[in-house]
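The values are calculated or read from the model by the stated rules, or taken from the named source; none is laboratory data. Fair warning: this is a prediction, and the values are worked out from it, not measured in the lab. All Cβ positions, glycine included, derive from the backbone under ideal geometry; neighbour counts span all protein chains shown. Surface areas here come from the heavy atoms of the whole protein model, side chains and all, with no ligands, DNA or RNA. Shrake-Rupley method; radii C 1.70, N 1.55, O 1.52, S 1.80 Å.
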Amino acid sequence: MRTLNVEPNEKFKLPFIGKGVFPLLMSAGLKYDRKTKAFFIDSGTDLNAVNGILSSRGIKLVIRRTCAICGTPVKCEKCDFLSSCDQKQFFCICKSCLNSEHVFLNYLESQKRSLLSKVMK
Amino acid sequence: MWVEKYRPKTLAEVVGNEQAKSEFVKWLSDWKKRKVKELGVFFIGPQGVGKTSLAYAAANDFGYQFIELNASDVRTESAILRKLAPISGTISLDSFSSSEFIRKDIMVFLDEVDGIYGHSDRGGLGAIMELARQRNILLILSANFPDAVKHKELLKNFKRIYLHPLSPRQILIILKRICETEHLNISADILQKISMKSRGDARFAINTLHMVAMGHPLPEDLEVNLTTPLAKTVNDLIQCKDHMEAINKISYSLSRIDEIYRALSEAIANSNLDTSKRAEIFDLISKIDVFMRKIAKKGQWKILREVIYLLASTSLLIPGDRVRYVEKIPDYVFSKVIYKSRSEKFNEIINSLKRRLHCSRRKIVQYMLPYLAFLAKNNRRISGLSKDDINVMLSVLT
């Protein structure tokens, strides 16, 4: 099984999947950009459904989760909360940011920067 | 309520669902530039993930006047138009003069759209579509579980943004912020427990923190339980010591309100409470019943909130140590099940006879069964039918 680590909105290519599979992927919420001829995931993508469809082609999509504050990769396998998390969020908070003193203020600052860049685009 | 007090005022304050947030911001920027083809935005996600907060915060950030409507209250076309006529383009001079709204950018947030249906709600969906097409207001819809068929038009014409349950770490940020602002000294263990048990529901987490801050102990079985059986819900409700706790129990139960108050009345009827106490409780339950019938008959969903308050007050009147609800399946359900399995077996027998004797079902039932029953009653063997089959046949025929 080939694992494909992807980030939200990051474009990626898949090997030829056939005409029959493409509409299935679209109905599972995977997005396709006609200009760049690449796929991407967004908030509406049902990753379980997509992986179910792609498993026959030997491909598995895995979200590369990053910290919403500092941007470092977050490893779910080592998380204390793993048992009570459904892992549907694309972003999380890394342990060091979570334990920092002003975690909410830091989050606020990072979000302001991130959203401002979206508006400026 | 802390849920309202700590509702995010700006988009940056909305914790979690960063992807949905950025999609929404991008779409809003395009909407302002008239670059989008969708009529509005449709937030889809479970409760407590921040659908209302996201819309409210965006309205603040983008300078919209925010109007929140609950689709449970305004389901019919006339009700929707009546509420929104002053801000839509089709207003008369009279309604304009009485309008409380200033004609500027307006965002209308219609919550619980999954409660609106097309024809059965007398054109509620049509009214929403009509309103959205006027393009002078920004319409934001929200739903937990939209129906792919009934809400097809909305799903097709609105920008769908999905919100997911928050991760426990994101919930922890919200709780830490409240603790900091309220100067609460709550142990990290309790905060961690609340964030884990809330299953991504920020509202539940904040309400639980509020309860703990008010001095209530953290319940051992604290959990957003979507499959709580009715008996547990009712017995928990009877044990509640606080009005807010009771309201939370009712709100977070998936059991229907009518099921809960019927179960309560059954528990009271079977209890050994004195007559005056029973009369007092039954009086309140009968009031709830009247309200529920009004909701069912006239669609007055806005009184549902009052029903919940009344139900919570009723449950507080019940002494928790003397009343207990035991879920009992009515006898008629058993007889229905037995009858169903018996009739299925009987049909099997008829079908097997039909195949073996090469004649119609009607002919077997009308002409042959009485003779077969006579043979069976006289303990004669009927080839091809077992003793059980014969018993079933006889029980149906007699």
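Would you list A:Arg34, B:Arg293 from the most to the least accessible area, probe 1.4 Å?
A:Arg34, B:Arg293
Can you send over the solvent-accessible area of B:Glu130, 1.4 Å probe, protein chains only, in Å² to the nearest 10?
The accessible area comes out at roughly 100 Å².
Counting each DSSP H run of 4 or more residues in chain A as -39500 (n - 2.57), what helix-only mean residue ellipticity at 222 nm follows after dividing by all residues, to the nearest 500 deg cm²/dmol?
-8500 deg cm²/dmol
How much area per residue is accessible in chain A when the probe is 1.4 Å and only protein heavy atoms are counted (Å²)? Spell out each step's value before the answer.
Numbers: 7060 Å² over 121 residues.
It amounts to 58 Å² per residue over chain A.
What does the buried accessible surface come to for A and B, summed over both chains, with the probe at 1.4 Å? Round to 100 Å². Could the numbers behind the result be given before it?
Details: alone 8670 and 22550 Å², together 28050 Å².
Buried area (both sides, nearest 100 Å²): 3200 Å².
Read phi for every residue in the stretch B:10-22 and hand back ³J(HN,Hα) as whole Hz from Karplus 6.51 cos²θ - 1.76 cosθ + 1.60, θ = phi - 60°, with x for Gly and Pro.
Residue by residue, the stretch B:10-22 yields 10, 4, 5, 6, 6, 8, x, 6, 4, 5, 4, 4, 5 Hz.
So what does B:Val14 come to for accessible area, using a 1.4 Å probe and Å² rounded to 10?
10
Name the residues whose placed amide hydrogens come within less than 5 Å of the amide hydrogen of B:Ile106, ignoring near sequence neighbours (fewer than 5 apart) on the same chain.
Counting only residues 5 or more places away or on other chains, the set is B:Gln65, B:Leu138.
Given a 1.4 Å probe, show me the residues in the stretch B:168-183 buried by at least 10 Å² of accessible surface when comparing the whole protein assembly to the chain alone.
Hits at the 10 Å² cut-off: B:Pro168, B:Arg169, B:Gln170, B:Leu172, B:Ile173, B:Lys176, B:Arg177, B:Glu180.
What is the distance in Å between the Cα centres of the stretch B:374-397 and the stretch B:2-40?
Centre-to-centre (Cα) distance: 72 Å.
Quick one: which residues, 5 or more positions from A:Thr66 or on another chain, have an amide H under 5 Å from its amide H? H modelled 1.01 Å from N in the peptide plane, none for Pro or chain starts.
Counting only residues 5 or more places away or on other chains, the set is A:Val74, A:Cys92.
Residues of the stretch B:255-301: accessible area per residue at 1.4 Å, in Å²?
59
Between A:Asn9 and B:Ser251, how high is the FRET efficiency from 1/(1 + (r/R0)^6) when r is the Cβ-Cβ distance and R₀ = 35 Å? Nearest 0.05. Each step should come with its number before you reach the end.
Values: r = 36 Å, r/R0 = 1.02.
Once the sixth-power term is evaluated, E becomes 0.45.
At 7 Å along Cα-to-Cβ for each site, give me the label-to-label distance between A:Asn48 and B:Asn351 in nm.
Those two pseudo-labels are separated by 3.5 nm.
Compute the long axis of helix A:103-120 from its Cα atoms, compare it with the longest principal axis of the Cα atoms of chain A, and write down the angle in degrees, 0 to 90, nearest 10.
50
Per-residue Cβ counts within 10 Å, from other chains only, averaged over B:9-17: what number is that?
Neighbouring Cβ atoms belonging to other protein chains average 5 per residue here.
Please grab the % of Cα pairs in the stretch B:166-223 that end up more than 16 Å from each other.
When all Cα pairs of the stretch B:166-223 are counted, 30 percent exceed 16 Å.
Using the per-residue mean of other Cβ atoms lying within 10 Å as a proxy for protection, in what order, highest first, do the peptides B:168-175, B:264-271 fall? Mind dumping the intermediate values first?
On the way: B:168-175: 26.0, B:264-271: 17.6.
The packing order, highest mean first, is B:168-175, B:264-271.
Rank B:Tyr64, B:Tyr371 by accessible area, highest first, at a 1.4 Å probe radius? Each step should come with its number before you reach the end.
Values: B:Tyr64 25, B:Tyr371 160 Å².
Most to least solvent-accessible, the answer reads B:Tyr371, B:Tyr64.
Taking the alpha carbon gyration tensor of chain A, what are the square roots of 5 times its eigenvalues, largest first, to the nearest whole Å?
30, 19, 11
On the protein heavy atoms, probe 1.4 angstrom, tell me the percent of accessible surface of the stretch A:55-121 carried by carbon and sulfur.
Accessible surface attributable to carbon and sulfur in the stretch A:55-121 totals 56 percent.
Test of understanding: extend the Cα→C-beta vector of B:Lys302 to 7 Å, then name every residue of the stretch B:1-38 with backbone N under 17 Å from that spot.
Under cut-off, by backbone N: nothing.
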